[in-house]
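Chemist: Here it is, the structure in full.
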Amino acid sequence: EISPRDWSSDVCSSDLMSEFLLAIDAGTTSIRAILFDRDGRARATAQQEFTQHFPQPGWVEQDADEIWATTLIVVRRVLAEAAIDAARIAAVGLANQRETTVLWERMSGAPIHRAIVWQDRRTAAVCERLRAEGHEASVAAKTGLLLDPYFSATKIAWILDAVPDARARAERGELCFGTIDSWLLCKLSGGRTFATDATNASRTLLFDLHAQQWDDELCELFDVPRALLPEVRDSNGDYGQVDAALFGAAWPIRGVLGDQQAALVGQACFAPGMIKSTYGTGCFLVMNTGRERVQSQNRLLSTVAYRIDGATTYAVEGSIFVAGAAIQWLRDGLKLIDSAAQTEAIARDARGSHGVYLVPAFTGLGAPHWDPHARGAILGLTRDTGIAEIVTAGLQSVCFQTRDLLDAMQRDGATGACTLRIDGGMAANDWFAQSLADLLGVPVDRPTVIETTALGAAYMAGLGLGWYDSLDRIATHWRCERRFEVQMPETEREALYRGWNDAVTRVLASSRPDSAASRPA
């Protein structure tokens, strides 16, 4: 998919002589390439989806080579769409789906197994064993994370044990591990760069947040050879150059961020207490906590927000595994809709879900529940329930899950009367954005650029290049396109939320090993 731009109307000859930043946003279901100018304006966009593989229930895989091939396609398309010479690109910024795990041969660059995606649940039993052995508190103290198959470490060990001779080869230094940023950096640089940034490293269960380095004790606990791990660099660090043979120019790579941290930067949430929520495949609510690492008491995550010139800024995060993916399921699985864009008109006409609740626990429930065994359910069905009520319940499920996260964040000390900055594909839906404000009870701000993940990667590259002298300078470019004020009465909001909590309680009860629902007939 290519978004055309009318260059004749707003780009004069001086603009054409200026330089641009290329952002590569390697998401969970698609790769997007966007050209940005110095003011953070998108000048051309190309996007293409890639294949998702589901070999077993709860397993999610991707072909790393297909991710790379798709990246090549969208970058070449965006250059063609912009009709500019490759030499006009000043630098590349990279944002990526986090935790997704790739292992490849150091010499050939060939993957040894399909990438295991962050949504994958196959290592749930390993996490439960480690929790039962009493390791979660010490792991959380070092990493800020919980023992969950969401993160990379148990995925690495699974691949090493599943692929013949892989563990021995890893011990000999013949293999590399990386999240998608490391994989694409290796391919973009022609194999010369094997690195990651601190935000991605902080999502592996192997990285000490305080020491800001890989931890030998964690590597031993998760049975991951240290030789596999990439070098950890600053988010605005020097990641080498793109191989000139790929696109006709050797662009410097000067910004790397995990996708949610990139969205935090793109939303200019640089002051402690500022919160953004991104609605893509999943939903991720992130609050900047400044130079202080906050240990959540409500099962949220502590993580690196960004590391610039050696100085680390931290964040607290709540992760929802299924947001936009629920709408994808309504389209592709149930075939209730032809496109995600239809949901806005359907929900507006339905005027509520009429007591129907969709709990999209397709790959378990994330924060604050962290139940990998939970499975999706639709509750409250009656004889007159139709497509409109189910579609509305799907949209509302994302709002309710965001409320779960915001409430937990507020119990951890976030300001009660906050404003939420939203972005991602679902943010374009006015009905959803208004429902979010109503069901959270807080104003919701939508920026002029909702693809803030790519924008944050571009900003970080510009910071590394010296285009911007500070984060404050970047913040001056943020613009609010529309604010959604709370319109729903509190009594109605709380009644709807009680119904959601009841639905989630039922789903969690059915996931317990001793529940009747989980026993074979």
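The values are calculated or read from the model by the stated rules, or taken from the named source; none is laboratory data. Everything quoted here is computed from the prediction, not taken from an experiment. Cβ coordinates were reconstructed from backbone atoms using ideal geometry, including for glycine residues, and neighbour counts include every protein chain displayed. What goes into the accessible areas is simple: the full protein's heavy atoms, side chains included, and nothing from ligands, DNA or RNA. Shrake-Rupley method; radii C 1.70, N 1.55, O 1.52, S 1.80 Å.
Chemist: Restricting to Cα pairs below 8 Å that are 6+ residues apart, what does the relative contact order work out to for the chain? Please round to a whole percent.
Modeler: Computed over the chain, the figure is 14 percent.
Chemist: Also, I was wondering about something else. Pick out the long, greasy-scoring helices in the chain: whole DSSP H runs spanning 18 Å or more along their own axis by Cα, mean Kyte-Doolittle at least 1.0.
Modeler: 452-465
Chemist: Next question, about the same structure. Can you tell me the relative contact order of region 389-455? Whole percent, Cα pairs under 8 Å, sequence separation 6 or more.
Modeler: 38
Chemist: Within 10 Å, count the other beta carbons around each residue, average over each peptide in 50-56, 443-449, and list them highest first.
Modeler: Listed from highest to lowest mean packing, they are 443-449, 50-56.
Chemist: At a 1.4 Å probe radius, carbon and sulfur cover how many percent of the accessible area of region 43-160?
Modeler: Exposed carbon and sulfur together represent 54 percent of the surface.
Chemist: From the helices alone, meaning DSSP H stretches of at least four residues, give me the mean residue ellipticity at 222 nm for the chain, per-run term -39500 (n - 2.57), in deg cm²/dmol to the nearest 500.
Modeler: -10000 deg cm²/dmol
Chemist: How long is the gain from Arg172 to Ala137 if the chain were fully straight, where each residue apart is worth 0.36 nm and the alpha carbon distance is subtracted?
Modeler: The Arg172-Ala137 span can extend by a further 9.4 nm.
Chemist: May I pose another question? So how exposed is Leu218, as accessible area in Å² (1.4 Å probe, rounded to 10)?
Modeler: Looks like 10 Å² after rounding.
Chemist: If you don't mind, there's one more thing I want to ask. I need the calculated FRET efficiency for the pair Ala249 and Met488, taking r as the beta carbon distance and R₀ as 30 Å, to the nearest 0.05.
Modeler: Efficiency for this residue pair is about 0.05.
Chemist: Assuming 0.692 mPa s and 37 °C, estimate D for region 139-222 with Stokes-Einstein, Rh taken as the Kirkwood radius over Cα pairs, in µm²/s.
Modeler: Using the Kirkwood radius from Cα pairs, D works out to 240 µm²/s.
Chemist: Express the carbon and sulfur contribution to the solvent-accessible surface of region 305-372 as a percent, rounded to the nearest whole number, probe 1.4 angstrom.
Modeler: Percent of accessible area from carbon and sulfur atoms in region 305-372: 49.
Chemist: Just read off the accessible area of Trp329 with the full protein assembly in place, 1.4 Å probe, to the nearest 10 Å².
Modeler: 80
Chemist: Also: With θ set to phi - 60° and the Karplus curve 6.51 cos²θ - 1.76 cosθ + 1.60, what are the ³J(HN,Hα) couplings of region 268-281 in order, to the nearest whole Hz, using x for Gly and Pro?
Modeler: Ordered by residue, 3J(HN,Hα) equals 6, 8, 9, 9, x, x, 6, 10, 10, 9, 10, 10, x, 4 Hz.
Chemist: Still on this structure, please answer the following. Any idea of the accessible area per residue across the chain, 1.4 Å probe, to the nearest Å²?
Modeler: Counting only protein heavy atoms, the per-residue value for the chain is 37 Å².
Chemist: What FRET efficiency comes out for Asp349 versus Asp165 if R0 is 51 angstrom and r is the Cβ-Cβ distance? Round to the nearest 0.05.
Modeler: Efficiency, from the Cβ-Cβ distance: 0.30.
Chemist: Moving on. Can you tell me which of 262-271, 233-242 comes out highest on packing, and rank the rest after it, using the mean Cβ neighbours within 10 Å?
Modeler: Result, highest mean Cβ count within 10 Å first: 262-271, 233-242.
Chemist: Please arrange Trp118, Trp59 by accessible surface area, largest first, computed with a 1.4 Å probe and ligands excluded.
Modeler: Descending order: Trp59, Trp118.
Chemist: What ranking, highest mean first, results for peptides 180-191, 469-480 when packing means the other Cβ atoms within 10 Å averaged over each residue?
Modeler: 180-191, 469-480
Chemist: What is the antiparallel percent of DSSP beta bridges lying wholly in the chain, to the nearest 5?
Modeler: Antiparallel bridges make up about 70 percent of those DSSP assigns within the chain.
Chemist: Only residues of region 380-406 count here: report those whose backbone N is under 16 Å from the spot 7 Å along Cα→Cβ of Gln342, or say none.
Modeler: From region 380-406, the list is 386-395.
Chemist: For the chain, what is the per residue volume of the convex hull drawn over the alpha-carbon atoms, in cubic angstrom?
Modeler: About 143 Å³ per residue, rounded to a whole number.
Chemist: Within straight cross-link reach of Lys142, meaning Cα distance under 21 Å, which lysines are found once same-chain residues fewer than 8 apart are removed?
Modeler: Within the straight-line cut-off, Lys142 pairs with Lys155.
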